[in-house]
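Worksheet: one structure, shown below.
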Amino acid sequence: MTDSATQQHWLQLIQAGRQTEAVQAPEGQVARLSQLSGIRAVVFDVYGTLFSSGVGDISLATEANRDAALRATLRDNQIELTAAATIRFDQILHDIIAQHQAARRQQGITYPEVEIRSVWQDLLHTLLQDGLITTAFAGEISTLVIDYERRVNPTQAMPQLADVLSTLQASGQVMSIISNAQFYTPLLFESYLQADIQQLGFCPDCNVWSYKELEGKPSTQLYINAAEKLKSQHGIAPKEVLYVGNDIRNDIWPAQQIGFKTALFAGDHLSLRLRKDDPNCCEVTADIEITELQQILKCISL
């Protein structure tokens, strides 16, 4: 259980990494709307859909050079680096993530996810063992992870987010989440909307987070799990679900395979992923395409 002071510190870290540029829609992108009848649940992706992020998604899978950000995170949390530490620390981090993913693949998981706190525990152990830091870290691993994430992946709430969630909640629509995520992802809601996901109307028993499943998008298993939860908790069938995401491959393609109606969010040039070069989903089309979150309300007659 996290104490309130630590929780507040985490929220402050997220705010310190807030995106400073306004969300911009892709040039020339036009909404394609239609009426969707019988929708009883609206399920959302998080990164690139509800929150704009600097990398357009959660930041784990990247080859970008983030050595300076990682070193700054360690130093600012009183971890002393050795003078000989010239190797790229972020490459060590990437390698450890790959090792954790490989272990999951050996268990038969095609799209493996990691628990990033376990990754960071291994990272700190490796850095200490290899003489790249001088002392063991005695603090909270979660704080290090959040501090690093906010440096490499600044975020902000999408325009109209609070109003859209409030309207959906007031209308009695069931809401939930299917997201490539880590433990800190729900903190985005508290940081930017000053309420946790349950207070905002999301069903706590229906959310599906990749880090808890240790499996990521575009695995259909996440969507199967979500469909089963919505059916058991609320008696909602897949055809009564609207899934909203920004990525044709990770969001729209697997959601349609489960029978969900789909909305492609095309309101942020950083996150829109049309996947025209992917042979598996280049011809996939969402039921609707929205450039503003509030357009969801029109399409389900709210």
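At-a-glance table
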| read-out | value |
| --- | --- |
| Residues within region 117-135 that are more than 17 Å from residue 98 (Cα to Cα) and in a helix (DSSP H, G or I), tallied | 2 |
| Cβ pairs under 7 Å, 6+ apart, first in region 196-211 and of a type in the set (Asp, Glu), second open to solvent by less than 20 Å² (accessible area, probe 1.4 Å) and not in a strand (DSSP E or B) | 196/189 |
| The listed residue being farther than 18 Å from residue 157 by Cβ and open to solvent by less than 20 Å² (accessible area, probe 1.4 Å), out of 296, 252 | 252 |
| Every residue from region 245-269 that is more than 17 Å from residue 41 (Cβ to Cβ) and either under 14 Å from the mean Cα position of the chain (by Cα) or free of Cβ contacts under 8 Å to residues at least 60 places away in the same chain (or both) | 246, 247, 248, 249, 250, 253, 257, 264 |
| Tally of residues being touching a strand residue (DSSP E or B) at 6+ places or on another chain (Cβ under 6 Å) and not in a loop (DSSP other than H, G, I, E, B) across region 280-295 | 3 |
| Flag if residue 229 is modelled with pLDDT of 95 or more, open to solvent by 20 Å² or more (accessible area, probe 1.4 Å) and closer than 26 Å to residue 283 by Cα | no |
| Residue list for region 32-46, restricted to those being farther than 22 Å from residue 285 by Cβ and within 17 Å of the chain's Cα centre (by Cα) | 46 |
| The lone exception for residue 114 - which of (1) of a type in the set (Val, Ile, Thr); (2) closer than 26 Å to residue 221 by Cβ; (3) surrounded by fewer than 17 Cβ atoms within 10 Å (Cβ to Cβ) it fails | (3) |
| Tally, over region 151-206, of residues that are of a type in the set (A, V, I, L, M), open to solvent by 20 Å² or more (accessible area, probe 1.4 Å) and in contact with a Pro (Cβ under 9 Å, 6 or more places away or on another chain) | 1 |
| Selection count where residues are part of a strand (DSSP E or B) and charged (D, E, K, R), scope region 245-279 | 3 |
| Selection from region 86-109 of residues that are touching a residue at least 60 places away in the same chain (Cβ under 8 Å) and touching a helix residue (DSSP H, G or I) at 6+ places or on another chain (Cβ under 9 Å) | 109 |
| Inter-residue pairs, beta-carbon under 9 Å, first more than 16 Å from residue 149 (Cα to Cα) and in region 1-26, second modelled with pLDDT under 95 and surrounded by 11 or more Cβ atoms within 10 Å (Cβ to Cβ), 6+ apart | 2/140; 6/140 |
| Exclusive hit being more than 26 Å from residue 244 (Cα to Cα) and open to solvent by 40 Å² or more (accessible area, probe 1.4 Å), set 24, 12, 29, 35 | 12 |
| Residue among 90, 3, 45, 76 that is open to solvent by less than 20 Å² (accessible area, probe 1.4 Å) and within 22 Å of residue 140 (Cα to Cα) | 90 |
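The values are calculated or read from the model by the stated rules, or taken from the named source; none is laboratory data. Keep in mind the model is a prediction, meaning the values are calculated, not measured. Glycine also receives a Cβ, built like all others from the backbone with ideal geometry; neighbour counts cover every protein chain displayed. Calculation scope for accessible area: heavy atoms of the full protein, side chains included, ligands and nucleic acids excluded. Shrake-Rupley method; radii C 1.70, N 1.55, O 1.52, S 1.80 Å.
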